[in-house]
Amino acid sequence: MPLTAYDLTGRSAFITGAAGGIGRAGAVLLASAGATVHGADRDEKGLLETRELINEAGGTCHVHPLDVTDRNQIRDAVAAAGDLDVLAAVAGIMHTSSVLDTADDDLDRVLSVNFKGVLYACQEVARSMIARGASGSLITMASGAVDAASPGLLCYGAAKAAVVQLTKTLATELGRHAIRVNAIAPGWIRTPMTARHDADQQHRAEATMARISPLGRVGEPEDVAHTMLYLASDASAFMTGQILRPNGGVAMPW
């Protein structure tokens, strides 16, 4: 596959969760490949920092401060972004509790961000693509938590499993419109979400993950961003309904 297959010049990408972590890394990489990036997040300060990084590197980034759990805000931002070719629905949160201690509020909050937020973004971007008869790529963010039991992460794992089902169903429904839909299920990635409040605990957790990985290290946001670029580009033109796992060889990251 020629390197030009990864060229996104003239294309436009909408990325949720773009204020930091994997979303920021993806926004920066897609912009470096030529895409006009529309970054969305509730963290406006982080969004502006992402835009500055992209602009300083010669790219183009527009920011859309919003709450992904609000369908109307998603709809307005997608409309403002105009013709989109790529969606990367990255925004997510994590909650830790045992199954027996999981409260309704916690479950509702995590499902709203991690599943409904992805669903709303996919719906609005796909509708826009179909309306103008355009092909495109929708990228969702699952997790290694879908591959095995995840003690303490019921809400998170359940939401990510729902994202996998959404991805496969959308791929089947949207294929006739030449819209591809794939998910990324990362392993342990060094992001604000996986950070521990205690530095020693953080070091121990990362050391454990590095020890069980065949590659001997934990992942960085850029490792996932390169998978995102692949799925956004023509290099993955015959890929849909798939779950890609940049996980360093560790199927269960928790």
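Consider VAL113 against the criteria (1) of a type in the set (A, V, I, L, M); (2) assigned to a loop (DSSP other than H, G, I, E, B); (3) closer than 23 Å to VAL164 by Cβ: it satisfies all of them except one. Which criterion is unmet?
(2)
Inside region 203-254, can you point out the residues that are of a type outside the set (Val, Ile, Thr), farther than 23 Å from GLY136 by Cα and buried (at least 19 other Cβ atoms within 10 Å of the Cβ)? Spell out the reasoning first.
Looking only at region 203-254, we keep the residues that are of a type outside the set (Val, Ile, Thr), and these are 203-207, 209-211, 213-217, 219-223, 225-226, 228-239, 241-242, 244-249, 251-254.
This time we only want the ones that are farther than 23 Å from GLY136 by Cα, so: 203-207, 209-211, 213-217, 219-221, 247-249, 251-254.
MET209, GLY219, PRO221, ASN247, GLY248, PRO253, TRP254, listed by residue number.
Kindly indicate the residue of region 165-193 that is touching a Gly at 6+ places or on another chain (Cβ under 6 Å) and assigned to a helix (DSSP H, G or I) and also nearest to ASP234 (Cα to Cα) among those meeting that condition.
Looking at the filtered set, the residue picked out is ALA171.
Can you find a residue that is acidic (Asp, Glu) and crowded, with 19+ Cβ neighbours inside 10 Å anywhere in region 37-48? Spell out how you get there, then give the answer.
Initially, region 37-48 is screened for residues acidic (Asp, Glu), giving 41, 43-44.
From what is left, the residues that are crowded, with 19+ Cβ neighbours inside 10 Å are 41.
Checked region 37-48: at least one residue is acidic (Asp, Glu) and crowded, with 19+ Cβ neighbours inside 10 Å.
If you go through region 1-42, how many residues are touching a Pro at 6+ places or on another chain (Cβ under 8 Å) and either of a type in the set (Ser, Thr, Tyr) or farther than 24 Å from ASN247 by Cβ (or both)?
Residues meeting the conditions: 3.
If we keep just the residues of region 48-65 that are in a helix (DSSP H, G or I) and in contact with a Lys or Arg (Cβ under 9 Å, 6 or more places away or on another chain), which is nearest to ALA79 (Cα to Cα)?
Residues of region 48-65 in a helix (DSSP H, G or I): 48-56.
Next, from what is left, pick out any that are in contact with a Lys or Arg (Cβ under 9 Å, 6 or more places away or on another chain): 49-50, 53.
Working: GLU49: 23, THR50: 21, LEU53: 25 Å.
Here the residue is THR50.
I'd like to check something: does region 27-40 contain any residue that is under 21 Å from LEU231 (Cβ atoms), of a type in the set (S, T, N, Q) and in contact with an Asp or Glu (Cβ under 9 Å, 6 or more places away or on another chain)? Working first, answer last.
Just the residues of region 27-40 that are under 21 Å from LEU231 (Cβ atoms), to begin with: 27-40.
Now drop any that are not of a type in the set (S, T, N, Q), which leaves 32, 36.
Going one step further and asking which of them are in contact with an Asp or Glu (Cβ under 9 Å, 6 or more places away or on another chain), we end up with none.
No, region 27-40 contains no residue that is under 21 Å from LEU231 (Cβ atoms), of a type in the set (S, T, N, Q) and in contact with an Asp or Glu (Cβ under 9 Å, 6 or more places away or on another chain).
Check VAL78 against each of (1) part of a helix (DSSP H, G or I); (2) over 24 Å from GLY133 (Cβ atoms) and name the one condition it does not meet.
So VAL78 meets the others, but not (2).
Any residue at all in region 232-246 that is of a type in the set (Val, Ile, Thr), assigned to a loop (DSSP other than H, G, I, E, B) and within 21 Å of GLY92 (Cβ to Cβ)? Break it down into steps so the answer makes sense when it comes.
First pass over region 232-246, keeping only residues of a type in the set (Val, Ile, Thr): 240, 243.
Adding the requirement that they be assigned to a loop (DSSP other than H, G, I, E, B) leaves 240.
Filter once more, so that each one left must be within 21 Å of GLY92 (Cβ to Cβ): none.
No, because not a single residue in region 232-246 is of a type in the set (Val, Ile, Thr), assigned to a loop (DSSP other than H, G, I, E, B) and within 21 Å of GLY92 (Cβ to Cβ).
Pick out the one residue from THR36, THR69, THR50, THR60 that is touching a residue at least 40 places away in the same chain (Cβ under 8 Å) and of a type in the set (Ser, Thr, Tyr). Even if it seems obvious, please write down each step before you answer.
Values: THR36 fails: touching a residue at least 40 places away in the same chain (Cβ under 8 Å); THR50 fails: touching a residue at least 40 places away in the same chain (Cβ under 8 Å); THR60 fails: touching a residue at least 40 places away in the same chain (Cβ under 8 Å).
Result: THR69 is the single residue among THR36, THR69, THR50, THR60 that is touching a residue at least 40 places away in the same chain (Cβ under 8 Å) and of a type in the set (Ser, Thr, Tyr).
Quick one: how many residues across region 95-149 are touching a Cys at 6+ places or on another chain (Cβ under 8 Å) and touching a residue at least 60 places away in the same chain (Cβ under 8 Å)?
Total meeting the criteria: 1.
When only residues in region 48-87 that are β-branched (Val, Ile, Thr) and in contact with a Gly (Cβ under 9 Å, 6 or more places away or on another chain) count, which is nearest to ARG11 (Cα to Cα)?
If we filter region 48-87 for residues that are β-branched (Val, Ile, Thr), which is where we start, we get 50, 54, 60, 63, 68-69, 74, 78, 86.
Keeping just the survivors that are in contact with a Gly (Cβ under 9 Å, 6 or more places away or on another chain) gives 50, 54, 63, 68-69, 74, 86.
Details: THR50: 19, ILE54: 15, VAL63: 16, VAL68: 23, THR69: 26, ILE74: 20, VAL86: 8 Å.
Out of the qualifying residues, it is VAL86.
Values in this text are rule-based calculations from the coordinates and carry no lab data. What you see is a predicted model, and the numbers here were worked out from it, not measured in a lab. As a convention, Cβ positions derive from the backbone with ideal geometry for all residues, glycine included, and neighbour counts pool all protein chains shown.
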